[in-house]
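Values quoted throughout were computed directly from the atomic coordinates according to the rules given, and no laboratory measurement underlies them. These numbers were taken from a predicted model, which means no experiment stands behind them. Cβ: placed from backbone, ideal geometry, glycine included. Neighbour counts: every protein chain shown.
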């Protein structure tokens, strides 16, 4: 499973694993197992040999990311291998660091950065959650390995122990393997054709009714339908907002000014009549005697009435 997820292709991963087992057996068989620490170094040597295989250098692109393990394609080869050594190979941190030839702290940092890239967060809870999802999915893949692949791997291991080699294509796999040379447009095109076939099949039953519906009512025919009840508005304007947004808000905020504005017509009428009043703009009118003198063409001018004589204008109350 480490080889499959590292390259993104189970067929390539199985070929790399078969070759790594055969090569490892060839080198280990020449060593003396009784020598000190020889067998203790075998696990790290085997995993290093597998990760260095050319089949695992590049990752096949993932068309649709359906699970957390599919997102491993977005990682670089190094961070992806660091995660898989712990998740798939179940190596401890020091052992995994030895396989990659780095310090233990550097390995831990690589795993942390890979998890942060997959989860999109540096938060410790997000990293832990991403780790759990990956571990569950990797272990599920391992436990549910198809019988054909299990048989192939068993025969590859037996062949390697016997000192021979095995080709991944020599055993028929029960499930079809993805073709690396398949055009990217092929799958969408097939789905599109399937959708067209389904539409054509439905049209054989409802074609006439659908055409009549699209054509609309005939001449003189009326179609009617009931509308659904309208939904309540998400919010309503209050009285306070109504006042604040009123175009005459400045006047509404000045009651005295509003009262004066309400009497503007009356004051304008007084000013037009020439009534002497305290209202600004209203000047004194002509006395009645002055008006009579002016009518007779006398020499008396407006405002020349004898002193002490009481006069009234034509527009003042009598």
(request) Under 1.5 on a/c is rounded, so check that first for the range 99-147, then, if it is not, pick prolate when a/b is larger than b/c and oblate when it is not; a ≥ b ≥ c are the square roots of the alpha carbon gyration tensor eigenvalues. (result) oblate
(request) Work out how much length residue 237 to residue 52 would gain on full extension: take 0.36 nm times their residue separation and subtract the Cα-Cα distance, in nm to one decimal. (result) 59.7 nm
(message) Suppose the chain between residue 196 and residue 226 were pulled fully straight at 0.36 nm per residue; how much longer would it get relative to their current alpha carbon spacing?
(response) 7.5 nm
(request) Name the shape class, rounded, prolate or oblate, that the alpha-carbon gyration tensor gives for the range 2-170, where a ≥ b ≥ c are the square roots of its eigenvalues, rounded holds for a/c under 1.5, and otherwise prolate holds if a/b is larger than b/c and oblate otherwise. (result) oblate
(request) Would you mind getting me the FRET efficiency between residue 109 and residue 26? Use the beta-carbon distance for r and R0 = 25 Å, nearest 0.05. (result) 0.10
(request) Provide the FRET efficiency to the nearest 0.05 for the residue 60-residue 203 pair, computing r from the beta carbons and using R0 = 41 Å. (result) 0.55
(request) Within 10 Å, count the other beta carbons around each residue, average over each peptide in 134-143, 7-16, and list them highest first. (result) 7-16, 134-143
(request) May I ask you to derive the FRET efficiency for residue 254 and residue 185 from their Cβ-Cβ distance with R0 = 45 Å, giving the value to the nearest 0.05? (result) 0.05
